[in-house]
Each structure stands twice: as C-alpha cells, then as structure tokens.
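Novice: This structure is in structure tokens; I'll ask about it shortly.
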Amino acid sequence: MKKKNARNRMMILTLCFIWIASLLIPATAPSQEDTSKDEVSEKYRLMYEKMKKTQKEKEKEKEKEKEKEGSGKESKESLRKKKEKQKAMELVKKRQEKRKKAKEAWLKKFREESAKLDRVDTPPNLKKSKKGPQGMTYIPAGKFMRGQDWGEWTDNQPSRVIYLNPYYIDTYEVTVGQYKAYLKENKKKVPFSLWDDDLSGDNQPLFKVTWKKAVDFCNHYDKRLPTEAEWEKAARGWDDRYYPWGSALPDEGGEYRANYDPGISRGMDGFLYTADVGSYDNGVSPYGVHDMSGNIAEWTADWYDADYYQVKVKKNPKGPEEGTQKVVRGGGYDVNYQNLLLTVRLAAKPNVSNNFIGFRCAKDAK
Ligand SMILES: [Ca+2]
Ligand SMILES: [Ca+2]
C-alpha cells in the first residue's frame, strides 16, 4: 500500500515537472501563431509587390501616354505633311492634265494644219539630181512653203511660198572628225575644251563652235552656211512637212524619229546628249538630209529678225541686212516636240559657243 502511494506521488511529480518544463523550454517547432504571422507578412509582401507593380505599370502607362502624346503630335505633323503632299500631288496632276490638254489641243491643230499641207506638189525627179560634192545632197530649184500660220510663235508667221535656186546641202551635221581634219589641214591646234570625252567621237556632231568658225570651216571647202530658207526647204521637202519624216509626232507609236527631249527623260530616245550623226534613218527628210530635227541645232547664214517673215521676198531670201543674232534652226537634243518643228526659228549671238549649236554647210548648184 505504501509502495502504491509512493508510485502515485512520483507520477504526479513527473507530470508537474513536464508541465513546468513545457512552460520554460522554448518550442523549436513553429507555433500556430507563428504560421499566421508568416501568412500575414506574405500577404503584405504580395500587397507591396502588387502596389509596386501597379506603380510600375502606372509609370509605364504614363510613359506610353507620353509617347502617345508625342506620336499624336507626330501624327499631326505627318498629317499636315500628308495634306501638303496630297496638295502638291493634286497640283502636279492638274499641271499634267493641263499639259495633256494643251498637247491634245496642239496635236489637233498640228494634224489639221498637216492635213492642209497634204498636197504633194509634183515631186522632183531626184534620180535626175545632179551628183554634188561628196557628202552633200542636191536640192533642186523650185518653190516651197516657208513658215506657218498657226501656233504660239509669231516670228515664223505668215507662211509664204518662196522660190529657191538649186543648191547642195551637207547630208549630215558637220562632225568632230571633219573638224579635226580641218584643223589639222590648217595646222591649227585642237582647242582643248572643244569636246567632252564622251562626245568626242569622230561621228559626233560638232558643237561649241561660233558662227564665224562655222563660216571659216565652210569657206575652207568652198562652201558656205545655208540661208535660213535653204535650211528650211531641205528639211521640209516638196510637200512642206512640219517634221522631216511627216506628220507623226517624233515618238508616235513608240518609235523615235529624232534625238530630242521626249519629256520625261532626254535619254528616252536612246541619247541623253548628242548622237552620232545619221542615227535616225526613219527621221530623214524627203530629200535625204539627216538630223534636220534635233541632235544639234544649226547655224544659218541669216541675221535674225522676228518680223522678217512679214517682208514680201518671194525669191532666194537672204535675211535682213544686219542684226545682232544669227538664225539657228532645227532644235537639238534639248528641245521638246514643239520646238522640234522645222518651222521654229531660234537665234543666238554669233560669238556664242555652246553645247547646243553646230552647223552644216551648203553650196550653190548650177
Ligand atoms: Ca535625246
Ligand atoms: Ca540638227
């Protein structure tokens, strides 16, 4: 019995010890309360992160807005530019339409006037033509129509039927090769600046030559410059055409008949600048003279007077007695279809030496 009581007392004491110890010894495992605390801090961490994220997102959005604002300004700017471009395009379109209409009107008039000329005078028997000096074409005596009665230029109006004595005219424009030979014959030095490298081929038409130098060259070979009327007759033939080849435009049907400026690019006809003489067999005049329209414009013997066509000279006109400019005919690689007409009169001071004017010679025939 004593033993049993002692055991009970021991048990009670042990339990008390365990209870006291449980109060004094810190727990090593996380309590329920600690777990809750972690959850709370995780919650705050998430909230903090969310807040940060939101802040970042807001900042990003702000930046985006700023960018948008910027791009808004840009788009306003580009809109303005776009409008300006549109306006410019419309203007170009209007000008193109205007030009197109003007060309159509001009072409209509040109066709009508060409049709009026469609009256082939008795063509000369060219087979019976006298054989002239080498490189020259014989132009028989007879009448031709000089000038025209329409168009924007007035210096080539009115038209007049003119009689010319027979003559020869160079079949081609005087070439670089011919001029070099002439200089050599005369023991003259080739002026260094006379030709550009690309345009110095022997068959290129000569340019950068004054009227006096052209005269000197012709005289050396017992020739002379053609009068303005001679130049026009050799080009227009016996049926008075406006272009050497007839009444088609120089590029009609996609076929180029002269070296000129077709509009969009000067080189569309194959040549940006001068071409070797005789490059357009389809552009030859009825008499067989080459490059009367285009390639290089040509000096003639006559002084220029805008009113000269008013003077009623019916036979072998030689131009006014004096003047300040010499007549230049035929247009060159730089002119458009309108200025390529055989009736267009140009003029330049005789001392001019440029990239646009060359010449050919003529000679009396018996
Ligand atoms: Ca050309
Ligand atoms: Ca020419």
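The values are calculated or read from the model by the stated rules, or taken from the named source; none is laboratory data. Bear in mind that the values here come from a model prediction, so they are computed numbers and not experimental data. All Cβ positions, glycine included, derive from the backbone under ideal geometry; neighbour counts span all protein chains shown.
Every residue, every condition in (1) touching a residue at least 40 places away in the same chain (Cβ under 8 Å); (2) among the acidic types (D, E); (3) assigned to a loop (DSSP other than H, G, I, E, B); (4) buried (at least 17 other Cβ atoms within 10 Å of the Cβ), yes or no:
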{"position": "A248", "(1), (2), (3), (4)": "no, no, yes, no"}
{"position": "Y260", "(1), (2), (3), (4)": "yes, no, yes, yes"}
{"position": "A275", "(1), (2), (3), (4)": "yes, no, yes, yes"}
{"position": "S285", "(1), (2), (3), (4)": "yes, no, yes, yes"}
{"position": "G288", "(1), (2), (3), (4)": "yes, no, yes, no"}
{"position": "G294", "(1), (2), (3), (4)": "yes, no, yes, yes"}
{"position": "A306", "(1), (2), (3), (4)": "yes, no, yes, no"}
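Novice: For the stretch 149-175, what are the residues that are within 28 Å of the chain's Cα centre (by Cα), assigned to a loop (DSSP other than H, G, I, E, B) and surrounded by 19 or more Cβ atoms within 10 Å (Cβ to Cβ)? Walk me through it before giving the result.
Specialist: Here is the first cut: in the stretch 149-175, the ones within 28 Å of the chain's Cα centre (by Cα) are 151-153, 172-175.
Restricting the remaining residues to those that are assigned to a loop (DSSP other than H, G, I, E, B) gives 151-153, 172-174.
Across the stretch 149-175, the qualifying residues are Y172, E173, V174.
Novice: A further question follows. Against the condition away from ligand 2 (no atom under 11 Å from the Cβ) and modelled with pLDDT of 95 or more, how does R236 come out, does it pass?
Specialist: Numbers: away from ligand 2 (no atom under 11 Å from the Cβ): yes; modelled with pLDDT of 95 or more: yes.
Here the answer is yes, as R236 does meet what is asked.
Novice: Regarding the stretch 227-236, can at least one residue be identified that is in contact with a helix residue (DSSP H, G or I) (Cβ under 6 Å, 6 or more places away or on another chain), in a loop (DSSP other than H, G, I, E, B) and either among the polar types (S, T, N, Q) or near ligand 1 (Cβ under 9 Å from one of its atoms) (or both)? Break it down into steps so the answer makes sense when it comes.
Specialist: Initially, the stretch 227-236 is screened for residues in contact with a helix residue (DSSP H, G or I) (Cβ under 6 Å, 6 or more places away or on another chain), giving none.
No, the stretch 227-236 contains no residue that is in contact with a helix residue (DSSP H, G or I) (Cβ under 6 Å, 6 or more places away or on another chain), in a loop (DSSP other than H, G, I, E, B) and either among the polar types (S, T, N, Q) or near ligand 1 (Cβ under 9 Å from one of its atoms) (or both).
Novice: Would you confirm whether or not the stretch 324-346 contains a residue that is part of a loop (DSSP other than H, G, I, E, B) and more than 22 Å from W153 (Cα to Cα)? Spell out how you get there, then give the answer.
Specialist: If we filter the stretch 324-346 for residues that are part of a loop (DSSP other than H, G, I, E, B), which is where we start, we get 324-325, 330-344.
From the residues that got through so far, the ones that are more than 22 Å from W153 (Cα to Cα) too are none.
Looking through the stretch 324-346, none of the residues is part of a loop (DSSP other than H, G, I, E, B) and more than 22 Å from W153 (Cα to Cα).
Novice: Of all residues in the stretch 319-347, count the ones that are of a type in the set (A, V, I, L, M) and touching a residue at least 60 places away in the same chain (Cβ under 8 Å).
Specialist: Step one: list which residues in the stretch 319-347 are of a type in the set (A, V, I, L, M), which gives 327-328, 335, 340-342, 344, 346-347.
Next, from what is left, pick out any that are touching a residue at least 60 places away in the same chain (Cβ under 8 Å): 327, 335, 340-342, 344.
Looking only at that region, the number is 6.
Novice: Of the residues G270, G332, G319, only one is on the phi > 0 side of the Ramachandran plot, at pLDDT 95 or above and not charged (D, E, K, R); which? Spell out the reasoning first.
Specialist: On the way: G270 fails: at pLDDT 95 or above; G332 fails: on the phi > 0 side of the Ramachandran plot.
Exactly one residue qualifies, and that residue is G319.
Novice: Looking at the stretch 323-366, which of its residues are among the β-branched types (V, I, T), under 20 Å from E252 (Cβ atoms) and more than 16 Å from ligand 1 (Cβ to nearest atom)?
Specialist: Restricting attention to the stretch 323-366, the residues satisfying the condition of being among the β-branched types (V, I, T) are 324, 327-328, 335, 343-344, 352, 357.
Going one step further and asking which of them are under 20 Å from E252 (Cβ atoms), we end up with 335, 343-344.
Passing the criteria: T343, V344.
Novice: Could you grab me the full set of residues in the stretch 310-351 that are β-branched (V, I, T), more than 26 Å from the chain's Cα centre (by Cα) and either buried (at least 16 other Cβ atoms within 10 Å of the Cβ) or within 16 Å of ligand 2 (Cβ to nearest atom) (or both)?
Specialist: In the first step, residues of the stretch 310-351 are kept if they are β-branched (V, I, T); the result is 311, 313, 324, 327-328, 335, 343-344.
Those still in the list that are more than 26 Å from the chain's Cα centre (by Cα) too: 311, 313, 324, 327.
Within the stretch 310-351, V327 is the sole residue that qualifies.
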